[in-house]
1. Can you tell me the length gained on complete extension of the stretch residue 351 to residue 313, counting 0.36 nm per residue apart and subtracting the Cα distance?
2. Using packing as a proxy for protection, rank 45-53, 337-345, 72-80 so that the peptide with the highest average count of other Cβ atoms within 10 Å comes first.
3. Accessible area per residue of the chain at 1.4 Å probe, in Å²?
4. Quick one: Karplus J couplings for the range 193-198, per residue in order, coefficients 6.51, -1.76, 1.60, θ = phi - 60°, nearest Hz, x for Gly and Pro?
5. Give, to the nearest whole percent, the P(r) tail of the range 211-330 beyond 20 angstrom, counting all Cα pairs.
6. I need the fraction of alpha carbon pairs in the range 1-155 separated by more than 24 Å, rounded to a whole percent.
7. If a/c stays under 1.5 just call it rounded; otherwise compare a/b with b/c (prolate if a/b is bigger, oblate if not). Do that for the range 134-215, with a ≥ b ≥ c from the square roots of the Cα gyration tensor eigenvalues.
8. If you average the alpha carbon positions of the range 10-37 and of the range 147-217, how far apart do those two centres end up, in angstrom?
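The values are calculated or read from the model by the stated rules, or taken from the named source; none is laboratory data. If you're wondering where the values come from, they're calculated on a predicted model, not measured in any experiment. Backbone-built Cβ (ideal geometry, glycine too); neighbour counts: all protein chains shown. Surface accessibility is based on the protein's heavy atoms, side chains included, excluding ligands, DNA and RNA. Shrake-Rupley method; radii C 1.70, N 1.55, O 1.52, S 1.80 Å.
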Amino acid sequence: MSSKLGKGDVHFRPNWLAVLISLLAICCSIGLIVWGFTAMPIEGALKVILIVLFFILALLCVCFGTMRLILELYSKGVWATEEEQEMRFPGDDIFEGKGYGKPLRVRQARDLDAPVEAVWKHVKQMDPAKGGMYAWSNCERLFGMNVDNAYSLEDMWQGPDACKPGDFWAWSYAGFGAEVADIVENKYITWFADTNDTVRTPGASYMLFPGLKHCAWYWTIALKPLDGGKRCRIYSCYDIYYSSHNPINYALQKAIIYDGGAMMGRRAFRNLELSALVKRRKSIPLRLQGALLGRSRGDDDRLHKRVAYPNIRWAREFPRIATLRAPITHDPNWPPADGAEYEPPIAESNAAYGWTPEMARDNDMKADEKQRALLRKLGYEDDSIHRKHGI
């Protein structure tokens, strides 16, 4: 078990037979392609057709074998205990009595060294259109998910109206996703989807692969306080129901939703813990993009490396425009009369806002003080701000 922050309470418990079979399948698939190109005793168009078929078969074997290896060697590191596997969780009731059969079931759990309230704030903004999925955003985009992971709290995603039952959780650009079923502050949130009884959100859909007649699933993230709430245990639980039952449908649901979801679940546990402790740095790909695409920013370099996603409402108290003039929020001059030239109501806005030229310095001082407070929270010294006004 690792004691490193973000990796605690992780156990290595693979099924070695499954690991061996997966490795053999991958090696045999690669060997089949090599043999087809170098030693197949067939020539002409038939050889080309066979090589294409071998390549497709090998690609599938490599993909499914790799996903199984990830499940056994990585995702099962946070598999719930035997007792927790049998526990009843929020969301289990949604599909009871519907005759959908036995589901593919995932139960993952881990102790987090972070307060339950701090972890919950990040769970609450877990949403592809909000704070992201807290896993691997680049990997998720390969499957069409519109995900950017924030890792930092946004005020607009935290209020009492930020998330409610009935809200649609848009998982991808194609509109498939799920609907919020239940949400209990500081305890759990449940999403669900059922193609037999679809959500009513216009444009919403679910990924029904060709040959798949029905699919239903729910996902619950639940928190259990430990040590009086100073720490917590997090659960990720989901059931997947589908039909028709055949090897192809099973393989697709197993590899993409079951294995892929379990992989993302373990990663999310780590990032939720680090984010709750304000220790999650910007990812390496994003840091590379920042270095390659140029730098035009006014914050401390250390903050730029640590803060993964801009806090969208950070500067409401000191909008940058207030160093030049008052923000304009009411404009009786627009639109101008025909033939007249538009004149922005700068003087009127300055008067309504109480703005004076001296406020430019005060504006920068407020911005710097808030930045200093964040630097101290992150454990940095606060002597790195060098503004024109001489602080």
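1. 11.3 nm
2. Packing order, densest peptide first, comes out as 72-80, 45-53, 337-345.
3. Accessible surface, normalised per residue, equals 55 Å².
4. 8, 8, 6, 7, 9, 6
5. Counting every Cα pair in the range 211-330, those more than 20 Å apart make up 67 percent.
6. 59
7. Because a/c hits 1.5 or more and a/b fails to exceed b/c, the range 134-215 counts as oblate.
8. Centre-to-centre distance over Cα atoms comes out at 35 Å.
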